[in-house]
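Okay, structure first, notes after.
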Amino acid sequence: MPHHTPLIATIVGGLVLAFIFGTLANRFKMPPLIGYLVAGIAIGPFTPGFVGDADLAQELAEIGVILLMFGVGLHFSLKDLLSVKNIAIPGAVAQIAIATLLGMGLGWALGWPMGEGFLFGLALSVASTVVLLTALQERRLVETKRGRIAVGWLIVEDIAMVLALVLIPALSGVLGGKGEAMSGNALLLTLGITLGKVVAFVAVMLVVGRRVIPWILERIADTGSRELFRLAVLAIALGFALGSAYVFGVSFALGAFFAGMILSESELSHRAAEESLPLRDAFAVLFFVSVGMLFDPSVLVREPLLVLATVLIIVVGKSLAALLIVRAFGHPMSTALTISASLAQIGEFSFILATLGISLDLLSPVARDLILGGAILSILINPLLFSLLDRLKPRIEGKEGTGVPAEAEQQAVDLQGHVVLVGYGRVGRGIGEQLRAQGRPFVVIEAQLENVEALRAEGVPVLYGNAAQTDLLKAAAIGRARWLLVAIPEAFEAGQLIEHALAANPGLQVVARAHSDAEIEHLEKHGAQQVIMGEREIARGMLGVIGVVGVVGVVGPA
């Protein structure tokens, strides 16, 4: 290259290859995440061709973690966090202990020193923030009970790792690495200071942040500038994350999560979530690319059995421990399986611990490669576990009585010329209420179990699951339906289900919703005869008030 531009080259190379391999993965019916990891391996130092800057990629990925945790915090109140403390705290601590012991057991079998085995096991015990939240958000589980447990569990793990990163250098001499062993008093003092910083951080965020963060956004919103509001959201997310790390020594992710959680109490939280979404998704992709760049594929040839043993500890040992813990607390099997699948991988904290271990002479290069190899393979396997869980979930919930029986999903409704309504959020609920008021026959397809249970209690025909599934559309008697109303906001998912529905019933009348002209074009391309965009309807309503009737065209970006 004529200019030395490692930052630009790493971003462009990572995103372009992530797009290419992600598209290929999607074409072969695999999660795009797998393509992002392959893109990272392709531009990593262990494969020929262009090599990106791994250090820069990891820092860019950290921005994705910050924005992701901020977004989760926007949908996660303090009440939600406290509601799962009874299982999240003991469950996370017990799971970390079990996974660490399993790692130490493998280290003992290989003749490693106790300190190396301990740090190796600890690195295998903590799940990746990005992987866990990506899986939950794809399935709209973040705001469900099982989602709250998983996120609460993740926060406890985060706090535990913050303590570990402070204490491991102090204990390095005892564990067999660099440094001298600290006295008991010095160790207690270090632990006390660390715990004090965490407590002070939580107190400041709850007392000061609760007033400052919403106040700032409200003042910016009053200016009417969308650009300033978007900038304010990013400044709060990134600024509080960085400030929390420097002042209180907590992780970026924890600082961003608390900032989002406090802002969730404001009426502007939904708008803040929308503004941070595009950047969050882009930097989350760079996270997976950065993980792939760290991976040396030759370890699969050099140490295949050790890699397999490491993956089994992560995917089987750790997730099985989480499943038994959740069941021991009296939660249903469906919840236990969701939590165990969520935790069956490792990520960013594992890499930090591995780097720290190398710098302190606590980990050998072999142990580091096993951690990285285990991370890559467990992240690749994790979407497959969730896909398997998605298939088993209806049957499991049916047996437990916690969901819709599998038989009920496949039993076609006895309707003719009816409306199939997909999605029962704010838009879908309004449509459903009007259909009921007018006595129009309809059936709802909904992916949120809480909404399904409420509709069934009201006697409304409802099917539980993803409407894009052919079997579910068949159960909704799509072949005999007259109208399909797609009320979900995800345009890509909507396009897929419209295509399937029209294949089963070419005469079906399809109405969908969109947020932009690009989404309108996408939905019409897949067969939607009518696409409603909120901004156009608002403009039409305003013109109607002053007596102007006509076709409203493009009124600006959604």
With every protein chain left in place, what is the accessible area per residue of the chain in square angstrom, probe 1.4 Å?
46 Å²
Taking only protein heavy atoms and a 1.4 Å probe, the highest-to-lowest accessible-area order of 145, 85 is 145, 85
Measure nothing fancy, just the Cα-based angle from helix 426-437's long axis to the longest principal axis of the chain, in degrees from 0 to 90, nearest 10.
30 degrees
Beyond 47 Å, how much of the Cα-Cα pair distribution for the chain remains, as a whole percent?
16 percent
Sequence of 98, 325, 193 from largest to smallest accessible area, 1.4 Å probe:
193, 98, 325
Taking only protein heavy atoms and a 1.4 Å probe, the highest-to-lowest accessible-area order of 426, 146, 327 is 426, 327, 146
Two-decimal log10 I(q)/I(0) for the stretch 419-546, as the Debye equation yields it once each C-alpha is a single scatterer, q = 0.09, 0.10, 0.14, 0.18 Å⁻¹
-0.25, -0.30, -0.59, -0.95
Expected 222 nm ellipticity per residue - DSSP helices of 4 or more, -39500 (n - 2.57), all of the chain, to 500
-22000 deg cm²/dmol
Per the 1.4 Å probe, what fraction of the accessible area of the stretch 6-393, in percent, lies on carbon and sulfur atoms?
70 percent
Rounded tilt (10° steps) of 32-42 against the dominant C-alpha axis of the chain:
40 degrees
Using a probe of 1.4 angstrom, how much of the accessible area of the stretch 419-546 is carbon and sulfur, in percent?
54 percent
Cα-based Rg of the stretch 125-265 normalised by 2.2 N^0.38 Å, two decimals:
1.26
Assigning unit charges at the beta carbon (Lys, Arg +1; Asp, Glu -1) and nothing else, what dipole magnitude in debye, to the nearest 20, does the chain show about its Cα centre?
880 debye
Need one value: the accessible area of residue 342 in square angstrom, 1.4 angstrom probe, rounded to the nearest 10.
0 Å²
Packing-based ranking, highest mean first, of 35-47, 299-311 given that Cβ atoms within 10 Å are counted
35-47, 299-311
Expressed as an acute angle from 0 to 90° and rounded to the nearest 10, what is the orientation of the C-alpha long axis of helix 54-74 relative to the principal long axis of the chain?
50 degrees
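The values are calculated or read from the model by the stated rules, or taken from the named source; none is laboratory data. Everything numeric in this text was worked out from a predicted model, so none of it was measured. A quick note on method: Cβ atoms are made from the backbone with ideal geometry, for glycine too, and the neighbour counts reach across all protein chains shown. Ligands, DNA and RNA are stripped out before the accessible areas are found, and what is left, the full protein with its side chains, is counted by its heavy atoms. Shrake-Rupley method; radii C 1.70, N 1.55, O 1.52, S 1.80 Å.
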